[in-house]
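**Student:** Here it is: the structure, laid out below.
The values are calculated or read from the model by the stated rules, or taken from the named source; none is laboratory data. Because the structure is predicted, anything quoted here is derived from the model rather than measured. So basically every Cβ, Gly included, is an ideal-geometry build from the backbone, and we count neighbours across all protein chains shown.
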(Lines give C-alpha, C1' and ligand atoms only; values in the text may rest on other atoms or scores of the structure.)
Protein backbone atom coordinates (compact mmCIF):
# COMPACT_ATOMS: atom_id res chain seq x y z
CA UNK A 1 0.00 0.00 0.00
CA UNK A 2 1.54 3.33 -1.06
CA UNK A 3 2.35 5.90 1.62
CA UNK A 4 0.20 8.56 -0.07
CA UNK A 5 -2.74 6.16 -0.19
CA UNK A 6 -2.30 5.34 3.50
CA UNK A 7 -2.16 9.00 4.48
CA UNK A 8 -5.28 9.82 2.48
CA UNK A 9 -7.21 6.88 3.89
CA UNK A 10 -6.06 7.53 7.48
CA UNK A 11 -6.83 11.26 7.29
CA UNK A 12 -10.28 10.70 5.80
CA UNK A 13 -11.03 7.88 8.23
CA UNK A 14 -10.11 10.00 11.26
CA UNK A 15 -12.39 12.79 10.08
CA UNK A 16 -15.25 10.34 9.68
CA UNK A 17 -14.54 8.69 13.04
CA UNK A 18 -14.70 12.04 14.83
CA UNK A 19 -18.08 12.51 13.24
CA UNK A 20 -19.25 9.00 14.07
CA UNK A 21 -18.30 9.05 17.74
CA UNK A 22 -20.42 12.11 18.40
CA UNK A 23 -23.22 11.07 16.05
CA UNK A 24 -23.42 7.57 17.54
CA UNK A 25 -23.54 8.90 21.09
CA UNK A 26 -26.28 11.38 20.28
CA UNK A 27 -28.19 8.81 18.20
CA UNK A 28 -28.21 6.31 21.05
CA UNK A 29 -29.45 8.98 23.44
CA UNK A 30 -32.10 10.38 21.09
CA UNK A 31 -33.34 6.88 20.21
CA UNK A 32 -34.00 6.17 23.86
CA UNK A 33 -35.82 9.48 24.32
CA UNK A 34 -37.79 9.13 21.07
CA UNK A 35 -38.91 5.63 22.05
CA UNK A 36 -40.17 7.01 25.36
CA UNK A 37 -41.88 10.06 23.78
CA UNK A 38 -43.49 8.27 20.84
CA UNK A 39 -44.31 5.07 22.69
CA UNK A 40 -43.65 1.55 21.45
CA UNK A 41 -46.56 1.49 18.96
CA UNK A 42 -45.77 4.81 17.23
CA UNK A 43 -42.07 3.96 17.24
CA UNK A 44 -42.85 0.70 15.46
CA UNK A 45 -45.18 2.46 13.01
CA UNK A 46 -42.46 4.97 12.11
CA UNK A 47 -40.05 2.12 11.44
CA UNK A 48 -42.38 0.05 9.26
CA UNK A 49 -43.88 3.01 7.32
CA UNK A 50 -40.41 4.34 6.64
CA UNK A 51 -39.60 0.84 5.47
CA UNK A 52 -42.34 1.04 2.84
CA UNK A 53 -40.61 4.10 1.40
CA UNK A 54 -37.32 2.21 1.69
CA UNK A 55 -38.71 -0.34 -0.74
CA UNK A 56 -38.42 2.36 -3.44
CA UNK A 57 -34.98 3.56 -2.38
CA UNK A 58 -33.26 0.58 -4.00
CA UNK A 59 -33.06 2.68 -7.16
CA UNK A 60 -31.27 5.39 -5.19
CA UNK A 61 -28.81 2.85 -3.81
CA UNK A 62 -28.17 1.43 -7.28
CA UNK A 63 -27.60 4.84 -8.84
CA UNK A 64 -25.46 5.98 -5.91
CA UNK A 65 -23.11 3.07 -6.54
CA UNK A 66 -23.10 3.69 -10.29
CA UNK A 67 -22.61 7.45 -9.98
CA UNK A 68 -19.89 7.21 -7.35
CA UNK A 69 -18.03 4.60 -9.35
CA UNK A 70 -18.23 6.49 -12.65
CA UNK A 71 -17.28 9.89 -11.20
CA UNK A 72 -14.36 8.35 -9.30
CA UNK A 73 -13.34 6.44 -12.44
CA UNK A 74 -13.31 9.71 -14.43
CA UNK A 75 -11.21 11.35 -11.71
CA UNK A 76 -8.78 8.43 -11.85
CA UNK A 77 -8.51 8.82 -15.64
CA UNK A 78 -8.00 12.60 -15.15
CA UNK A 79 -10.34 13.48 -18.03
CA UNK A 80 -12.17 16.73 -17.17
CA UNK A 81 -14.68 16.52 -20.01
CA UNK A 82 -15.60 12.95 -19.08
CA UNK A 83 -15.97 14.03 -15.45
CA UNK A 84 -18.34 16.91 -16.19
CA UNK A 85 -20.35 14.89 -18.70
CA UNK A 86 -20.69 12.02 -16.23
CA UNK A 87 -21.98 14.35 -13.52
CA UNK A 88 -24.46 16.08 -15.83
CA UNK A 89 -25.82 12.84 -17.24
CA UNK A 90 -26.15 11.37 -13.74
CA UNK A 91 -28.02 14.41 -12.42
CA UNK A 92 -30.44 14.37 -15.35
CA UNK A 93 -31.16 10.68 -14.76
CA UNK A 94 -31.74 11.26 -11.05
CA UNK A 95 -34.22 14.08 -11.66
CA UNK A 96 -36.24 11.89 -14.03
CA UNK A 97 -36.19 8.97 -11.59
CA UNK A 98 -37.24 11.16 -8.66
CA UNK A 99 -40.39 12.13 -10.55
CA UNK A 100 -41.14 8.52 -11.51
CA UNK A 101 -40.64 7.21 -7.97
CA UNK A 102 -42.83 9.94 -6.53
CA UNK A 103 -45.71 8.78 -8.73
CA UNK A 104 -45.07 5.10 -7.99
CA UNK A 105 -44.73 5.77 -4.26
CA UNK A 106 -48.00 7.67 -4.06
CA UNK A 107 -49.88 4.89 -5.85
CA UNK A 108 -48.29 1.64 -4.67
CA UNK A 109 -47.10 2.92 -1.29
CA UNK A 110 -50.46 4.27 -0.17
CA UNK A 111 -52.21 1.12 -1.36
CA UNK A 112 -49.86 -0.97 0.75
CA UNK A 113 -50.24 1.35 3.73
CA UNK A 114 -54.04 1.16 3.76
CA UNK A 115 -54.56 -2.46 2.75
CA UNK A 116 -51.65 -4.54 4.05
CA UNK A 117 -49.91 -3.04 7.07
CA UNK A 118 -51.18 -3.74 10.58
CA UNK A 119 -51.69 -0.27 12.08
CA UNK A 120 -54.11 0.73 14.86
CA UNK A 121 -57.17 2.51 13.44
CA UNK A 122 -56.59 5.70 15.42
CA UNK A 123 -53.03 6.03 14.05
CA UNK A 124 -53.78 5.87 10.32
CA UNK A 125 -53.73 9.66 9.88
CA UNK A 126 -50.34 9.89 11.58
CA UNK A 127 -49.05 6.98 9.48
CA UNK A 128 -50.29 8.73 6.31
CA UNK A 129 -48.39 11.94 7.03
CA UNK A 130 -45.32 10.01 8.08
CA UNK A 131 -45.42 8.31 4.70
CA UNK A 132 -45.84 11.63 2.83
CA UNK A 133 -42.89 13.24 4.59
CA UNK A 134 -40.82 10.15 3.85
CA UNK A 135 -41.71 10.36 0.14
CA UNK A 136 -40.51 13.98 -0.01
CA UNK A 137 -37.30 12.96 1.74
CA UNK A 138 -36.83 10.17 -0.80
CA UNK A 139 -37.19 12.55 -3.78
CA UNK A 140 -34.68 15.01 -2.35
CA UNK A 141 -32.24 12.23 -1.54
CA UNK A 142 -32.42 10.86 -5.09
CA UNK A 143 -31.52 14.17 -6.74
CA UNK A 144 -28.77 14.69 -4.16
CA UNK A 145 -26.82 11.56 -5.14
CA UNK A 146 -24.55 13.10 -7.85
CA UNK A 147 -23.49 15.92 -5.50
CA UNK A 148 -22.73 13.54 -2.65
CA UNK A 149 -20.89 11.16 -5.01
CA UNK A 150 -18.73 14.05 -6.22
CA UNK A 151 -17.81 14.97 -2.65
CA UNK A 152 -16.80 11.40 -1.79
CA UNK A 153 -14.94 10.92 -5.08
CA UNK A 154 -12.82 13.99 -4.32
CA UNK A 155 -12.22 12.46 -0.85
CA UNK A 156 -13.48 15.61 0.87
CA UNK A 157 -14.50 13.80 4.04
CA UNK A 158 -14.12 16.83 6.31
CA UNK A 159 -17.21 18.47 4.80
CA UNK A 160 -19.20 15.28 5.32
CA UNK A 161 -17.97 15.15 8.92
CA UNK A 162 -19.03 18.73 9.67
CA UNK A 163 -22.48 18.14 8.20
CA UNK A 164 -22.73 15.09 10.44
CA UNK A 165 -22.01 17.23 13.49
CA UNK A 166 -24.73 19.64 12.42
CA UNK A 167 -27.11 16.72 11.95
CA UNK A 168 -26.37 15.40 15.45
CA UNK A 169 -27.04 18.81 16.99
CA UNK A 170 -30.32 19.19 15.10
CA UNK A 171 -31.44 15.74 16.29
CA UNK A 172 -31.12 16.96 19.85
CA UNK A 173 -33.26 19.98 18.98
CA UNK A 174 -35.85 17.70 17.34
CA UNK A 175 -36.09 15.56 20.48
CA UNK A 176 -36.44 18.67 22.61
CA UNK A 177 -39.06 20.11 20.23
CA UNK A 178 -41.35 17.08 20.15
CA UNK A 179 -41.14 16.79 23.93
CA UNK A 180 -42.51 20.31 24.58
CA UNK A 181 -44.88 20.89 21.63
CA UNK A 182 -48.41 19.64 22.23
CA UNK A 183 -49.08 18.17 18.79
CA UNK A 184 -49.19 14.64 17.39
CA UNK A 185 -45.70 13.41 18.24
CA UNK A 186 -45.34 11.01 15.30
CA UNK A 187 -46.40 13.57 12.67
CA UNK A 188 -44.23 16.29 14.19
CA UNK A 189 -41.21 14.00 14.43
CA UNK A 190 -41.57 12.87 10.79
CA UNK A 191 -41.86 16.46 9.57
CA UNK A 192 -38.82 17.68 11.50
CA UNK A 193 -36.70 14.78 10.24
CA UNK A 194 -37.70 15.67 6.67
CA UNK A 195 -37.00 19.38 7.20
CA UNK A 196 -33.55 18.62 8.61
CA UNK A 197 -32.66 16.51 5.57
CA UNK A 198 -33.83 19.28 3.22
CA UNK A 199 -31.46 21.77 4.89
CA UNK A 200 -28.55 19.32 4.67
CA UNK A 201 -29.12 18.66 0.97
CA UNK A 202 -29.27 22.39 0.19
CA UNK A 203 -25.88 22.82 1.85
CA UNK A 204 -24.34 19.91 -0.08
CA UNK A 205 -25.52 21.40 -3.38
CA UNK A 206 -24.23 24.90 -2.63
CA UNK A 207 -20.85 23.59 -1.49
CA UNK A 208 -20.21 21.27 -4.46
CA UNK A 209 -21.47 23.89 -6.93
CA UNK A 210 -18.99 26.41 -5.52
CA UNK A 211 -15.93 24.15 -5.26
CA UNK A 212 -16.19 21.72 -8.20
CA UNK A 213 -16.64 22.95 -11.75
CA UNK A 214 -18.22 19.71 -12.90
CA UNK A 215 -21.19 20.33 -10.56
CA UNK A 216 -22.97 22.66 -12.96
CA UNK A 217 -26.42 21.63 -14.07
CA UNK A 218 -26.85 21.41 -17.84
CA UNK A 219 -28.88 19.28 -20.17
CA UNK A 220 -26.36 16.95 -21.70
CA UNK A 221 -26.94 14.15 -24.17
CA UNK A 222 -24.40 11.58 -25.23
CA UNK A 223 -26.07 8.32 -26.05
CA UNK A 224 -23.19 5.99 -25.18
CA UNK A 225 -22.59 7.61 -21.79
CA UNK A 226 -26.28 7.45 -20.85
CA UNK A 227 -26.44 3.82 -21.97
CA UNK A 228 -23.35 3.02 -19.90
CA UNK A 229 -24.77 4.68 -16.79
CA UNK A 230 -28.22 3.14 -17.19
CA UNK A 231 -26.79 -0.31 -17.95
CA UNK A 232 -24.48 -0.25 -14.94
CA UNK A 233 -27.22 1.08 -12.68
CA UNK A 234 -29.80 -1.24 -14.21
CA UNK A 235 -27.93 -4.34 -13.12
CA UNK A 236 -27.38 -2.70 -9.76
CA UNK A 237 -31.14 -2.33 -9.49
CA UNK A 238 -31.48 -6.11 -9.41
CA UNK A 239 -29.10 -6.39 -6.48
CA UNK A 240 -30.39 -3.24 -4.82
CA UNK A 241 -34.02 -4.23 -5.23
CA UNK A 242 -33.48 -7.67 -3.79
CA UNK A 243 -31.41 -6.35 -0.89
CA UNK A 244 -33.86 -3.60 0.04
CA UNK A 245 -36.87 -5.86 -0.43
CA UNK A 246 -35.19 -8.51 1.70
CA UNK A 247 -34.27 -6.12 4.50
CA UNK A 248 -37.39 -3.99 4.47
CA UNK A 249 -39.57 -7.05 4.00
CA UNK A 250 -38.09 -8.28 7.27
CA UNK A 251 -39.89 -5.37 8.95
CA UNK A 252 -43.10 -6.11 7.08
CA UNK A 253 -42.97 -9.85 7.84
CA UNK A 254 -42.34 -9.11 11.52
CA UNK A 255 -45.33 -6.74 11.42
CA UNK A 256 -47.62 -9.22 9.65
CA UNK A 257 -46.84 -12.15 11.94
CA UNK A 258 -45.97 -10.48 15.26
CA UNK A 259 -47.34 -6.89 15.17
CA UNK A 260 -45.81 -3.43 15.76
CA UNK A 261 -44.38 -4.28 19.20
CA UNK A 262 -41.75 -6.54 17.65
CA UNK A 263 -41.27 -3.94 14.91
CA UNK A 264 -39.97 -1.76 17.73
CA UNK A 265 -37.55 -4.53 18.77
CA UNK A 266 -36.39 -4.82 15.17
CA UNK A 267 -35.99 -1.03 14.98
CA UNK A 268 -33.79 -1.03 18.09
CA UNK A 269 -31.54 -3.77 16.68
CA UNK A 270 -31.35 -1.89 13.36
CA UNK A 271 -30.26 1.30 15.12
CA UNK A 272 -27.52 -0.56 16.95
CA UNK A 273 -26.47 -2.10 13.63
CA UNK A 274 -26.30 1.34 11.99
CA UNK A 275 -24.35 2.81 14.90
CA UNK A 276 -21.81 -0.03 15.03
CA UNK A 277 -21.40 -0.44 11.28
CA UNK A 278 -20.92 3.31 10.82
CA UNK A 279 -17.44 2.94 12.32
CA UNK A 280 -16.33 0.39 9.75
CA UNK A 281 -18.45 2.11 7.12
CA UNK A 282 -16.34 5.24 7.61
CA UNK A 283 -13.17 3.28 6.89
CA UNK A 284 -14.72 1.76 3.77
CA UNK A 285 -16.02 5.14 2.58
CA UNK A 286 -12.54 6.62 2.93
CA UNK A 287 -10.98 3.65 1.11
CA UNK A 288 -13.43 3.23 -1.78
CA UNK A 289 -12.15 6.05 -4.04
CA UNK A 290 -8.61 4.64 -3.86
CA UNK A 291 -9.84 1.22 -4.99
CA UNK A 292 -11.66 2.61 -8.04
CA UNK A 293 -8.78 4.91 -9.00
CA UNK A 294 -6.31 2.01 -8.90
CA UNK A 295 -8.59 0.02 -11.17
CA UNK A 296 -8.99 2.98 -13.56
CA UNK A 297 -5.17 3.16 -13.81
CA UNK A 298 -4.96 -0.64 -14.31
CA UNK A 299 -3.00 -1.13 -11.08
CA UNK A 300 -4.73 -4.41 -10.32
CA UNK A 301 -2.26 -5.99 -7.91
CA UNK A 302 -2.12 -2.77 -5.86
CA UNK A 303 -5.91 -2.71 -5.79
CA UNK A 304 -6.19 -6.28 -4.51
CA UNK A 305 -3.45 -5.90 -1.92
CA UNK A 306 -5.14 -2.74 -0.66
CA UNK A 307 -8.41 -4.69 -0.49
CA UNK A 308 -6.86 -7.41 1.69
CA UNK A 309 -5.48 -4.89 4.18
CA UNK A 310 -8.75 -2.94 4.23
CA UNK A 311 -10.59 -6.22 4.86
CA UNK A 312 -8.32 -7.14 7.76
CA UNK A 313 -8.50 -3.74 9.44
CA UNK A 314 -12.25 -3.48 8.89
CA UNK A 315 -12.93 -6.89 10.41
CA UNK A 316 -10.67 -6.21 13.41
CA UNK A 317 -12.37 -2.86 14.01
CA UNK A 318 -15.80 -4.45 13.88
CA UNK A 319 -14.80 -7.31 16.18
CA UNK A 320 -13.37 -4.81 18.68
CA UNK A 321 -16.75 -3.07 18.83
CA UNK A 322 -19.13 -6.00 18.93
CA UNK A 323 -17.21 -8.47 21.12
CA UNK A 324 -18.15 -6.92 24.50
CA UNK A 325 -21.62 -6.05 23.19
CA UNK A 326 -22.38 -9.69 22.41
CA UNK A 327 -21.76 -10.72 26.01
CA UNK A 328 -23.32 -7.68 27.73
CA UNK A 329 -26.28 -6.93 25.47
CA UNK A 330 -28.81 -7.17 28.32
CA UNK A 331 -26.94 -4.70 30.53
CA UNK A 332 -26.42 -2.24 27.65
CA UNK A 333 -30.08 -2.33 26.60
CA UNK A 334 -31.26 -1.70 30.17
CA UNK A 335 -28.75 1.11 30.60
CA UNK A 336 -29.76 2.65 27.28
CA UNK A 337 -33.54 2.14 27.14
CA UNK A 338 -34.56 1.20 30.70
CA UNK A 339 -37.37 -0.91 29.25
CA UNK A 340 -37.52 -2.56 25.83
CA UNK A 341 -39.71 -5.04 23.91
CA UNK A 342 -39.29 -8.79 24.24
CA UNK A 343 -36.93 -10.51 21.79
CA UNK A 344 -34.78 -7.37 21.52
CA UNK A 345 -31.72 -9.05 23.07
CA UNK A 346 -31.63 -11.97 20.64
CA UNK A 347 -32.42 -9.61 17.73
CA UNK A 348 -29.37 -7.52 18.65
CA UNK A 349 -27.08 -10.56 18.98
CA UNK A 350 -28.06 -11.95 15.56
CA UNK A 351 -27.74 -8.49 14.02
CA UNK A 352 -24.23 -7.98 15.44
CA UNK A 353 -23.05 -11.33 14.08
CA UNK A 354 -24.50 -10.37 10.70
CA UNK A 355 -22.54 -7.10 10.87
CA UNK A 356 -19.31 -9.05 11.28
CA UNK A 357 -19.92 -11.06 8.09
CA UNK A 358 -21.26 -8.00 6.28
CA UNK A 359 -17.98 -6.19 6.95
CA UNK A 360 -16.02 -8.61 4.77
CA UNK A 361 -18.82 -8.68 2.22
CA UNK A 362 -18.73 -4.89 1.85
CA UNK A 363 -14.94 -4.85 1.46
CA UNK A 364 -15.04 -7.14 -1.56
CA UNK A 365 -18.07 -5.30 -2.88
CA UNK A 366 -15.70 -2.35 -3.45
CA UNK A 367 -13.69 -4.45 -5.92
CA UNK A 368 -16.88 -5.76 -7.43
CA UNK A 369 -18.10 -2.20 -8.07
CA UNK A 370 -14.71 -1.01 -9.35
CA UNK A 371 -14.51 -3.81 -11.91
CA UNK A 372 -17.98 -2.94 -13.16
CA UNK A 373 -19.04 -6.50 -14.00
CA UNK A 374 -22.49 -6.16 -12.50
CA UNK A 375 -24.69 -8.42 -14.61
CA UNK A 376 -24.37 -11.93 -13.20
CA UNK A 377 -23.27 -10.70 -9.81
CA UNK A 378 -26.52 -8.88 -9.20
CA UNK A 379 -28.64 -11.58 -10.80
CA UNK A 380 -27.30 -14.10 -8.28
CA UNK A 381 -27.63 -11.53 -5.47
CA UNK A 382 -31.28 -11.07 -6.38
CA UNK A 383 -31.93 -14.79 -6.50
CA UNK A 384 -30.33 -15.41 -3.09
CA UNK A 385 -32.16 -12.53 -1.41
CA UNK A 386 -35.50 -13.49 -2.90
CA UNK A 387 -35.03 -17.16 -2.03
CA UNK A 388 -34.24 -16.35 1.61
CA UNK A 389 -37.33 -14.14 1.81
CA UNK A 390 -39.59 -16.85 0.41
CA UNK A 391 -38.16 -19.47 2.77
CA UNK A 392 -38.65 -17.13 5.73
CA UNK A 393 -42.29 -16.42 4.83
CA UNK A 394 -43.11 -20.09 4.21
CA UNK A 395 -41.54 -21.15 7.51
CA UNK A 396 -43.53 -18.58 9.48
CA UNK A 397 -46.72 -19.32 7.57
CA UNK A 398 -46.33 -22.99 8.48
CA UNK A 399 -46.04 -22.01 12.17
CA UNK A 400 -42.64 -23.68 12.57
CA UNK A 401 -40.61 -20.49 13.04
CA UNK A 402 -40.34 -17.74 15.65
CA UNK A 403 -39.52 -14.00 15.63
CA UNK A 404 -35.82 -14.73 15.05
CA UNK A 405 -36.50 -16.50 11.73
CA UNK A 406 -36.42 -13.32 9.58
CA UNK A 407 -33.10 -12.19 11.08
CA UNK A 408 -31.56 -15.64 10.72
CA UNK A 409 -32.52 -15.60 7.04
CA UNK A 410 -30.73 -12.25 6.73
CA UNK A 411 -27.61 -13.72 8.34
CA UNK A 412 -27.69 -16.73 6.03
CA UNK A 413 -28.02 -14.74 2.84
CA UNK A 414 -25.23 -12.36 3.95
CA UNK A 415 -22.86 -15.33 4.17
CA UNK A 416 -23.98 -16.69 0.79
CA UNK A 417 -23.55 -13.35 -0.99
CA UNK A 418 -20.09 -12.89 0.52
CA UNK A 419 -18.96 -16.26 -0.82
CA UNK A 420 -20.47 -15.38 -4.19
CA UNK A 421 -18.51 -12.10 -4.32
CA UNK A 422 -15.27 -13.98 -3.71
CA UNK A 423 -15.97 -16.43 -6.50
CA UNK A 424 -17.03 -13.93 -9.15
CA UNK A 425 -14.20 -11.44 -8.46
CA UNK A 426 -11.68 -14.26 -8.76
CA UNK A 427 -13.41 -15.40 -11.96
CA UNK A 428 -12.90 -12.02 -13.65
CA UNK A 429 -9.51 -10.92 -12.27
CA UNK A 430 -7.82 -13.97 -10.68
CA UNK A 431 -6.43 -12.59 -7.46
CA UNK A 432 -3.69 -14.35 -5.51
CA UNK A 433 -5.52 -16.68 -3.11
CA UNK A 434 -2.37 -17.46 -1.11
CA UNK A 435 -1.66 -13.76 -0.61
CA UNK A 436 -5.28 -13.17 0.39
CA UNK A 437 -5.16 -15.86 3.07
CA UNK A 438 -1.78 -14.65 4.34
CA UNK A 439 -2.80 -11.00 4.66
CA UNK A 440 -6.51 -11.31 5.47
CA UNK A 441 -7.96 -14.62 6.63
CA UNK A 442 -5.25 -16.22 8.76
CA UNK A 443 -4.78 -13.14 11.00
CA UNK A 444 -8.50 -12.53 11.58
CA UNK A 445 -9.19 -16.22 12.30
CA UNK A 446 -6.40 -16.36 14.89
CA UNK A 447 -7.53 -13.13 16.53
CA UNK A 448 -11.19 -14.20 16.59
CA UNK A 449 -10.50 -17.56 18.24
CA UNK A 450 -8.34 -16.05 20.97
CA UNK A 451 -10.40 -12.89 21.55
CA UNK A 452 -13.54 -14.72 22.74
CA UNK A 453 -11.71 -16.39 25.63
CA UNK A 454 -11.77 -13.48 28.16
CA UNK A 455 -15.48 -12.53 27.75
CA UNK A 456 -16.53 -16.19 27.95
CA UNK A 457 -14.60 -16.71 31.19
CA UNK A 458 -15.82 -13.44 32.73
CA UNK A 459 -19.46 -14.07 31.76
CA UNK A 460 -19.39 -17.61 33.16
CA UNK A 461 -17.58 -16.79 36.40
CA UNK A 462 -19.12 -13.47 37.44
CA UNK A 463 -22.77 -12.68 38.26
CA UNK A 464 -24.74 -10.29 36.06
CA UNK A 465 -24.34 -6.65 37.04
CA UNK A 466 -22.35 -3.45 36.75
CA UNK A 467 -19.09 -4.98 37.99
CA UNK A 468 -19.21 -7.77 35.39
CA UNK A 469 -20.00 -5.23 32.68
CA UNK A 470 -16.96 -3.11 33.62
CA UNK A 471 -14.67 -6.15 33.77
CA UNK A 472 -15.97 -7.43 30.44
CA UNK A 473 -15.38 -4.11 28.69
CA UNK A 474 -11.96 -3.33 30.16
CA UNK A 475 -10.33 -6.77 30.25
CA UNK A 476 -11.77 -7.89 26.92
CA UNK A 477 -10.57 -4.78 25.09
CA UNK A 478 -7.11 -4.77 26.73
CA UNK A 479 -6.61 -8.43 25.87
CA UNK A 480 -7.99 -7.79 22.38
CA UNK A 481 -5.51 -4.99 21.64
CA UNK A 482 -2.65 -7.23 22.73
CA UNK A 483 -3.83 -10.05 20.46
CA UNK A 484 -4.27 -7.71 17.51
CA UNK A 485 -0.83 -6.16 17.99
CA UNK A 486 1.11 -9.41 18.34
CA UNK A 487 -0.98 -11.72 16.13
CA UNK A 488 -3.24 -9.60 13.92
CA UNK A 489 -0.41 -7.36 12.66
CA UNK A 490 2.73 -8.55 10.90
CA UNK A 491 6.24 -7.39 11.81
CA UNK A 492 6.25 -4.52 9.32
CA UNK A 493 2.87 -3.25 10.53
CA UNK A 494 3.97 -3.44 14.18
CA UNK A 495 7.12 -1.43 13.44
CA UNK A 496 5.15 1.21 11.55
CA UNK A 497 2.65 1.41 14.39
CA UNK A 498 5.42 1.89 16.97
CA UNK A 499 7.07 4.56 14.83
CA UNK A 500 3.76 6.40 14.44
CA UNK A 501 3.21 6.33 18.21
CA UNK A 502 6.75 7.64 18.85
CA UNK A 503 6.21 10.49 16.38
CA UNK A 504 2.91 11.48 17.99
CA UNK A 505 4.38 11.32 21.50
CA UNK A 506 7.33 13.39 20.33
CA UNK A 507 4.97 16.04 18.99
CA UNK A 508 3.08 16.14 22.30
CA UNK A 509 6.10 16.20 24.62
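**Student:** Checking the condition outside any loop (DSSP other than H, G, I, E, B), assigned by TED's automatic domain parsing to the domain that holds residue 240, closer than 28 Å to residue 35 by Cα and touching a helix residue (DSSP H, G or I) at 6+ places or on another chain (Cβ under 8 Å), which residue from 336, 420 passes?
**Tutor:** Exactly one residue qualifies, and that residue is 336.
**Student:** I've got another one for you. Only one of (1) closer than 23 Å to residue 132 by Cα; (2) crowded, with 19+ Cβ neighbours inside 10 Å; (3) modelled with pLDDT of 75 or more is not met by residue 244, so which one is it?
**Tutor:** (3)
**Student:** Test residue 479 against the criterion of being out of contact with any strand residue (DSSP E or B) (no Cβ under 8 Å at 6 or more places or on another chain), in contact (Cβ under 8 Å) with a residue 24 or more places away in the chain and surrounded by 11 or more Cβ atoms within 10 Å (Cβ to Cβ), and give yes or no.
**Tutor:** yes
**Student:** I'm told residue 357 meets every condition in (1) under 25 Å from residue 287 (Cβ atoms); (2) buried (at least 22 other Cβ atoms within 10 Å of the Cβ) except one. Can you identify the failing condition by its number?
**Tutor:** Tallying (1) under 25 Å from residue 287 (Cβ atoms); (2) buried (at least 22 other Cβ atoms within 10 Å of the Cβ), residue 357 fails exactly one: (2).
**Student:** Can you pull out the residues in segment 448-464 that are free of Cβ contacts under 8 Å to residues at least 24 places away in the same chain and either surrounded by 17 or more Cβ atoms within 10 Å (Cβ to Cβ) or more than 29 Å from residue 308 (Cβ to Cβ) (or both)?
**Tutor:** 457, 460, 461, 462, 463 - these are the residues of segment 448-464 that are free of Cβ contacts under 8 Å to residues at least 24 places away in the same chain and either surrounded by 17 or more Cβ atoms within 10 Å (Cβ to Cβ) or more than 29 Å from residue 308 (Cβ to Cβ) (or both).
**Student:** Which one of the conditions (1) closer than 28 Å to residue 309 by Cβ; (2) outside the structural domain of residue 316 (by TED's automatic domain parsing); (3) under 28 Å from the mean Cα position of the chain (by Cα) does residue 445 fail to meet, given that it meets all the rest?
**Tutor:** (2)
**Student:** Only one of (1) at pLDDT 90 or above; (2) more than 17 Å from residue 309 (Cα to Cα) is not met by residue 486, so which one is it?
**Tutor:** It is condition (2) that residue 486 fails.
**Student:** Additional query: Could you list all residues from segment 115-171 that are buried (at least 18 other Cβ atoms within 10 Å of the Cβ) and outside any helix (DSSP H, G or I)?
**Tutor:** Answer for segment 115-171, where residues must be buried (at least 18 other Cβ atoms within 10 Å of the Cβ) and outside any helix (DSSP H, G or I): 117, 119, 155.
Table: residues versus (1) closer than 20 Å to residue 359 by Cα; (2) modelled with pLDDT under 85; (3) in a helix (DSSP H, G or I).
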{"residue": "437", "(1), (2), (3)": "yes, no, yes"}
{"residue": "444", "(1), (2), (3)": "yes, no, yes"}
{"residue": "449", "(1), (2), (3)": "yes, no, yes"}
{"residue": "454", "(1), (2), (3)": "no, no, yes"}
{"residue": "467", "(1), (2), (3)": "no, no, yes"}
{"residue": "504", "(1), (2), (3)": "no, yes, yes"}
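**Student:** Among the residues of segment 291-307, are any surrounded by 23 or more Cβ atoms within 10 Å (Cβ to Cβ) and under 18 Å from residue 357 (Cα atoms)?
**Tutor:** yes
**Student:** Please go through segment 482-499 and pick out each residue that is touching a residue at least 60 places away in the same chain (Cβ under 8 Å) and surrounded by fewer than 16 Cβ atoms within 10 Å (Cβ to Cβ).
**Tutor:** Answer for segment 482-499, where residues must be touching a residue at least 60 places away in the same chain (Cβ under 8 Å) and surrounded by fewer than 16 Cβ atoms within 10 Å (Cβ to Cβ): there is none.
**Student:** With the condition kept exactly as written, say whether any residue in segment 177-195 is touching a residue at least 24 places away in the same chain (Cβ under 8 Å), more than 23 Å from the chain's Cα centre (by Cα), farther than 30 Å from residue 83 by Cβ and outside any helix (DSSP H, G or I).
**Tutor:** yes
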